[in-house]
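This report concerns only the one structure given below.
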Amino acid sequence: MEKNSTDLQKKETAEAAEKAAKAGIMNRLFVKVGQKVGVVEWTKLEPNFESNIGKLITYHRIVFKIVDMCEAQIQLDPQVLQNGKIEHPKESSPWELIGGWLRYLSTYHFDGGAAKALERYSLAIGKIATKERISQKKSRNQLIRKMRLYTSGESEKLNENYAHIKSLLHGIDDTRHHLKSASTNKEVKERGEAYKKMIFAFNDKSSEIQGCIDEVTSIVKLHQMEFMKFAREMMLFNNIVDNTLNETRIRLATATERK
């Protein structure tokens, strides 16, 4: 019984929100002018609630930027990211291309010690390329997964609900004005029902937004943990790049000295 009641409220909320959003331009203009001149009562959001919504929207924008900056760290080619990918197509990342060219040079253009040096650097760069791809996959699938989900579903839901409650405020003022101008019992009943639905729909959408506001504290902690994991992964990757290239250089220098 409770589930049926909840489903009915959701349906009525969606219908009221859609009706308020689709209100004609002239009707919206009438409400706005009426509010200014005092003919139509003006319903406003509670200041603290509106302030919290603003802070939540700001946080969403911050997370958007953090996600973009994280992905720009692990994928340096903006074109790849614009196409919705995190990895280059196979064998086309800068590390893979450099490794391939060094291998080609060592095989067809150099011989002796120079060829061996190019071959060793090619192998070292191949290891780096492999680690880079692993880190790229890991970043989206594990490291910043919750942040990425938050910037898609949660942000869209928040923006949609915020747009709805702003429309529903006009709907409340409009239906209340029509209720007050009712002249028959039938009009009072019909307009009162419309007004009640707008109120319930507004409360329903506001509760959803308040729920998002209430969970921010725990969400922020999750995002902080993900960001720290990503930073650690980037540190490990950069260390691997540095150590791998230095180790190759030192081994080549040692081999040359022995000769």
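The values are calculated or read from the model by the stated rules, or taken from the named source; none is laboratory data. Note that the structure is a prediction, hence the values are computed from the model and not measured. Cβ sites come from the backbone with ideal geometry, for glycine too, and all protein chains shown count toward neighbours. Side chains are part of the model used for accessible areas, which takes the heavy atoms of the whole protein and leaves out ligands, DNA and RNA. Shrake-Rupley method; radii C 1.70, N 1.55, O 1.52, S 1.80 Å.
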Discussion item. Being of a type in the set (A, V, I, L, M) and open to solvent by less than 40 Å² (accessible area, probe 1.4 Å) is the filter here; which residues of the range 194-219 pass it?
Written reply: Ala194, Met198, Ala201, Ile209, Ile213, Val216, Ile219
Practice prompt. Check Gly84 against each of (1) over 15 Å from the mean Cα position of the chain (by Cα); (2) assigned to a loop (DSSP other than H, G, I, E, B) and name the one condition it does not meet.
Written response: (1)
Worksheet item: Do the conditions hold for Ala117, that is, is it more than 17 Å from Ile240 (Cα to Cα), without any contact (Cβ under 8 Å) to a residue 12 or more places away in the chain and part of a helix (DSSP H, G or I)?
Response: no
Fill in: the range 204-216 residues that are closer than 16 Å to Leu169 by Cβ, paired with ones that are open to solvent by 60 Å² or more (accessible area, probe 1.4 Å) and part of a helix (DSSP H, G or I) (beta carbon under 8 Å, 6 or more apart)
Asp204/Lys10; Glu208/Lys157
Discussion item. Please verify whether Ile240 is among the aliphatic types (A, V, I, L, M), in contact (Cβ under 8 Å) with a residue 40 or more places away in the chain, assigned to a helix (DSSP H, G or I) and open to solvent by less than 40 Å² (accessible area, probe 1.4 Å), treating the condition exactly as stated.
Written reply: no
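How many of the residues in the range 173-200 are out of contact with any helix residue (DSSP H, G or I) (no Cβ under 8 Å at 6 or more places or on another chain) and in a loop (DSSP other than H, G, I, E, B)?
Residues meeting the conditions: 3.
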Practice prompt. Scan the range 143-158 for residues that are in contact (Cβ under 8 Å) with a residue 60 or more places away in the chain and closer than 11 Å to Val67 by Cα and jot them down.
Written response: Leu143, Ile144, Arg145, Lys146, Met147, Arg148, Tyr150, Thr151
Discussion item. When you check Lys137 against the structure, is it assigned to a helix (DSSP H, G or I) and either closer than 30 Å to Ile250 by Cβ or over 19 Å from the mean Cα position of the chain (by Cα) (or both), yes or no?
Written reply: no
